[in-house]
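**Q** Handing you a structure now.
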Amino acid sequence: MRKLKILMATVLAIGLFSCTKTDEPTGAAKLKAEHTRNEAADFALEDANGQTLKLSDLRGKVVLLNFWATWCGPCKVEIPWFIEMEREFKDQGFAVVGVSMDEDGWKAVKPFMQDMKVNYRMVLGTEEMAQLYGGVEALPTSYVLDRNGKVASVHMGIVSRKVFEEEIRALLEAKATAAAADVDSAPLPVGMVAAGAN
Amino acid sequence: MAARRGDSVTVPVTVTVANGYHVTSATPGDRYLKPLRLSWEKGSISPEAPRYPKAVLRSYPFSEGKLSVLEGTFVIEQDFRIPTTAGQGFGAITGKLHYQACTEKECLPPASLPVRLSYDIR
């Protein structure tokens, strides 16, 4: 039997289109000014427990919307941070929403969630939904939303935990300040006025 | 390529990964990672199991341990058997190179590239 050697070249020109995104500074907290923020596109998807998660139902909370996948190494670093952030800030009106872009669906995602002990809500992203968020070409991609459901920051690629925490704290405090101002300037309820008049 | 019936032919498939990127190797050692895989459609010539290059174990800022990856230019060796019953003349076999690429900061979705080998059986 003869053995021949044939040359065939296949060039993988991969990743070239996302280079510009990688170059964006992602290492510093950088919230958009409030008046420049756009509303995050709403979606309704079934979560890991079979309940519908509608993004707009989370209005009033600061939301970290994280696009990720089980095959994404950098995503796996961020997930333990998100688990701790969910635990730390949940009572202050914060929620993490994971959007898995795994093509294998829950079959891949649920075991991963169990392995990592994910404590926040998870949905499976769809192509249509990803298009609403600019296509989500690379993972991880995270959107930090303010309490009005508006996009305060976008991070493409892994970001430091410090950056996320600074942004979340700033957005949570922004609400606290506004709430305090509202109480100070609010008119007294009628019943209380009557009681004081006596 | 030109080959005779009964031949066994080795075809090196040369792959170049864009600078700054790596692809998960054929043996990633993590059930969640997507291995590099070369697959072929059925044709008149029979592909054997591809021989993938030795992977590099590399540390990345995002990985706890070392990851088994390939980067730069590498070669996958693919053997084909030309059956003695194969018809003579020109033909082609098509396949796909399945890969998943990342940088140090982000990953691209699993993707595939078409591979086509034209042959002449004499």
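The values are calculated or read from the model by the stated rules, or taken from the named source; none is laboratory data. These numbers come from a predicted model, not from an experiment. Here the Cβ is made from the backbone with ideal geometry for all residues, glycine too, and neighbour counts use every protein chain on show. Remember, those area values only see protein heavy atoms, side chains included, never the ligands or the DNA or RNA. Shrake-Rupley method; radii C 1.70, N 1.55, O 1.52, S 1.80 Å.
**Q** Being closer than 21 Å to A:Pro80 by Cβ, open to solvent by 10 Å² or more (accessible area, probe 1.4 Å) and away from every other protein chain (no Cβ under 13 Å) is the filter; apply it to region A:125-162 and report the residue that is nearest to the chain's Cα centre (by Cα).
**A** Looking at residues that are closer than 21 Å to A:Pro80 by Cβ, open to solvent by 10 Å² or more (accessible area, probe 1.4 Å) and away from every other protein chain (no Cβ under 13 Å), I get A:Tyr143.
**Q** Among the residues of region A:70-82, how many are closer than 25 Å to A:Gly149 by Cβ and either open to solvent by 10 Å² or more (accessible area, probe 1.4 Å) or within 14 Å of another protein chain (Cβ to nearest Cβ) (or both)?
**A** Summing the residues that are closer than 25 Å to A:Gly149 by Cβ and either open to solvent by 10 Å² or more (accessible area, probe 1.4 Å) or within 14 Å of another protein chain (Cβ to nearest Cβ) (or both) in region A:70-82 gives 4.
**Q** For region A:119-132, give me each residue that is part of a loop (DSSP other than H, G, I, E, B) and closer than 13 Å to A:Trp68 by Cα.
**A** Of all residues in region A:119-132, those part of a loop (DSSP other than H, G, I, E, B) come to A:119-120, A:125-126.
A:Gly125, A:Thr126 - these are the residues of region A:119-132 that are part of a loop (DSSP other than H, G, I, E, B) and closer than 13 Å to A:Trp68 by Cα.
**Q** Need at least 3 residues that are within 29 Å of B:Ala101 (Cβ to Cβ) per element, so show me which strands (runs of 3 or more DSSP E) inside region A:33-86 make the cut, counting only ones lying wholly within it.
**A** A:62-68
**Q** Further question on the same structure: Run B:Ile93 past the list (1) facing another protein chain (nearest Cβ under 10 Å); (2) surrounded by 15 or more Cβ atoms within 10 Å (Cβ to Cβ) and report the number of the one that doesn't hold.
**A** (1)
**Q** Among the residues of region B:71-89, is there at least one that is acidic (Asp, Glu), in contact with a helix residue (DSSP H, G or I) (Cβ under 8 Å, 6 or more places away or on another chain) and open to solvent by less than 40 Å² (accessible area, probe 1.4 Å)?
**A** no
**Q** Among all residue pairs at least 6 apart or on different chains, which show Cβ distances below 9 Å where the first residue, located in region A:36-59, is among the aromatic types (Phe, Trp, Tyr) and the second is assigned to a strand (DSSP E or B)?
**A** Hits for this filter: A:Phe43/A:Leu53; A:Phe43/A:Lys54; A:Phe43/A:Val99; A:Phe43/A:Val123.
**Q** Then there is this: Read through the list (1) under 14 Å from the mean Cα position of the chain (by Cα); (2) of a type in the set (Lys, Arg); (3) open to solvent by less than 60 Å² (accessible area, probe 1.4 Å), then give the number of the only condition that A:Arg37 fails.
**A** Exception for A:Arg37: condition (1).
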